[in-house]
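Working notes, structure below.
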Amino acid sequence: MKKFIETLKNIWKIEDLRQRILITLLFVAIYRFGSFVVLPGINPAMLSQLQSQTAGGLMSLLDMFSGGAFSNASIFALGIMPYISASIVMQLLAVAVPYVQKMQREGESGRKKISMYTRWLTVAILLFQAPGYLMNLKMQSGAALATGISWSVFMVPAVIILSAGSMFILWLGERITDKGIGNGISLIIMIGIIARLPQAFIQEVSSRFTAITGGGLVMFLVEIIILYAVVCAAIVLVQGVRKVPVQYAKRLVGNKQVGGARQYIPLKLFAANVMPIIFAQALMFIPLTIVQYSAPENASWFVRTMLDHHSWTYNVIFAVLIIAFTYFYTAITLNPTQMAEDMKRNNGFIPGIKPGKETADYIDTVMSRITLPGSLFIAFIAIMPALASLLNVQDAFSQFFGGTSLLILVGVVLDTLAQIESHLLMRHYDGLLSSGRIHGRGMAAY
């Protein structure tokens, strides 16, 4: 406790770090305030049916990522997810489209162009998602619209407001990245997820202590122990790396000899991050989208099973998709041939491996070996909420036992703490941990 208080004092002493943290808190407060600002013309007291729709199942995931704004019919209802979708599309285009690949190699100017195209794609996605959200709102809570206003008149300004709300959230995230601490987009996603934790925790405690079967306290302690173990496993997954040694030969640059040092290529066990789960969930939402505009009772057995995220069929298919997408995403983000060429160009080589094709094959083999346990680990964490339901854990609280939410929480917290620690070490203060430095995901999330 003494160490913790001393660390807080050191953080407060560093003016730049103190300002960054306060700015981050201010922008986060603005985001949370906007999550409760209801669309003009909508009566929040009449949204009970929409809130019931998002209380469980797949729709609860959409509401979680928006921090409850989805079920509140807020101006921030669509959240940051359209931008995430646009970013994923741009990453996929970088594999298939030579023009996008060229922009990636242009350095800072190329990144600015990609960022501009991502924003325009986000707007295009919003122009499709906003009417879809409003159609669902009309079906679930049509009476919530103020008397005297027709839905045909309401749709156009509401689409503009929802689109502007999402773009404002994107602006807030970028300002946090520039002026605050941590990655702004990731922090906004994390805040949206963690906003539901207190209520979910209270509901779970209440359900355990009012259980008819008894043993509520014991089962609750078992839940906490399991949750702690899963969080520790997620931390190991996020921080796990396999270091490949690279020896650099001496070469003459001008009149000086440089090189001769040994370095390491850190190949991450969790190289694909949460993208495989996001890809898999996007596909699993297809049955929900189909049934949303038809009668669920008329759907086939398979579709009804896919709508139940606790069913074995859903979770087996979900896990298989995650494993497949982990290999796919790792393959498109890490290019062993390019890495081998870069090493050869800089007079580097892996000891015992010939430069060129053999080096590329070696890196590819290592990546395949560490991707398999990584993909199985991600798949296991992804289906943990369904496994938690076997212990009668409430749906809202079970989401924190695994899946995208847990991996995002762990990754963002580690990244943010790593940035805070770097500020402390630059000013010659002790780090946050006495056992060693904190290692984040080492990437700008999303």
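The values are calculated or read from the model by the stated rules, or taken from the named source; none is laboratory data. What you see is a predicted model; the values in this text were computed from it and never measured. All Cβ positions, glycine included, derive from the backbone under ideal geometry; neighbour counts span all protein chains shown. Heads up: the accessible areas ignore ligands, DNA and RNA and are worked out on the full protein's heavy atoms, side chains in. Shrake-Rupley method; radii C 1.70, N 1.55, O 1.52, S 1.80 Å.
Details
- Heavy-atom accessible surface of the range 19-91: percent carbon and sulfur, 1.4 Å: 70
- 15 Å beta-carbon shell around LEU22, net charge (K/R +1, D/E -1): +2
- The packing ranking, built from the mean of other Cβ atoms within 10 Å per residue, places the peptides 234-246, 350-362, 315-327, 264-276 in the order 264-276, 315-327, 234-246, 350-362, highest first.
- For the range 125-221: accessible area per residue (Å², 1.4 Å): 48
- Computed on protein heavy atoms with a 1.4 Å probe, the accessible areas place GLU174, GLU204 in the order GLU174, GLU204, largest first.
- CD proxy at 222 nm, helix term only [per DSSP H run n ≥ 4: -39500 (n - 2.57); per residue of the chain; nearest 500]: -22000 deg cm²/dmol
- TYR117 exposes around 90 Å² of accessible area when a 1.4 Å probe is run over every protein chain in place.
- GNM flexibility winner over the chain from ARG427, ARG32, ARG18 (Cα, springs under 10 Å): ARG427
- Our note on the geometry: Cα centres of the range 356-388 and the range 48-110, 25 Å apart.
- Over 26 Å (Cα to Cα) - which of LYS268/LYS354; LYS113/LYS179; LYS3/LYS268; LYS179/LYS243; LYS9/LYS179; LYS268/LYS344 fall in this group: LYS3/LYS268; LYS179/LYS243
- Solvent-accessible surface of the range 335-383, taken per residue with a 1.4 Å probe and all protein chains present: 54 Å².
- Once backbone amide H atoms are built at 1.01 Å from N, LYS268 has ARG242 as its partners under 5 Å, excluding neighbours fewer than 5 places away on the same chain.
- For ARG196, no residue has an amide H sitting under 5 Å from its own, ignoring neighbours fewer than 5 places away on the same chain, with H placed 1.01 Å from N.
- Ratio of Rg to Rh over the range 91-163 (Cα coordinates, Kirkwood Rh, two decimals): 1.25
- Solvent exposure, largest accessible area first (probe 1.4 Å, DNA, RNA and ligands not counted), of LEU414, LEU334: LEU334, LEU414
- Per-residue extension of 0.36 nm, minus the Cα-Cα distance of LEU92 and TRP171, leaves a gain of 26.1 nm for this segment.
- Stokes-Einstein D (µm²/s) once Rh is taken as the Kirkwood radius of the range 121-221 over alpha-carbon pairs, at 25 °C in 0.890 mPa s: 141
- The range 140-191-the range 1-31 distance, computed between alpha-carbon centres (Å): 28
- Theoretical gain in end-to-end length, PHE380 to ILE5 [0.36 nm per residue, Cα-Cα removed]: 131.3 nm
- Note on the chain: semi-axes of the ellipsoid equivalent to its C-alpha gyration tensor, largest first and rounded to whole Å, are 40, 26, 25.
- When only alpha carbons of the range 308-390 are considered, Rg and Dmax amount to 17.8, 56 Å.
- Against the criterion of solvent-accessible heavy-atom surface with a 1.4 angstrom probe, ARG20, ARG105 sort, most first, into ARG105, ARG20.
- GNM result for the chain, Cα springs below 10 Å: residue of PHE377, PHE154, PHE397 fluctuating most strongly: PHE154
- Each other residue within a Cβ distance under 10 Å of GLY356 adds +1 if Lys or Arg and -1 if Asp or Glu, for a net charge of 0.
- Normalised contact order of the chain, rounded percent, pairs of Cα under 8 Å and 6 or more residues apart: 18
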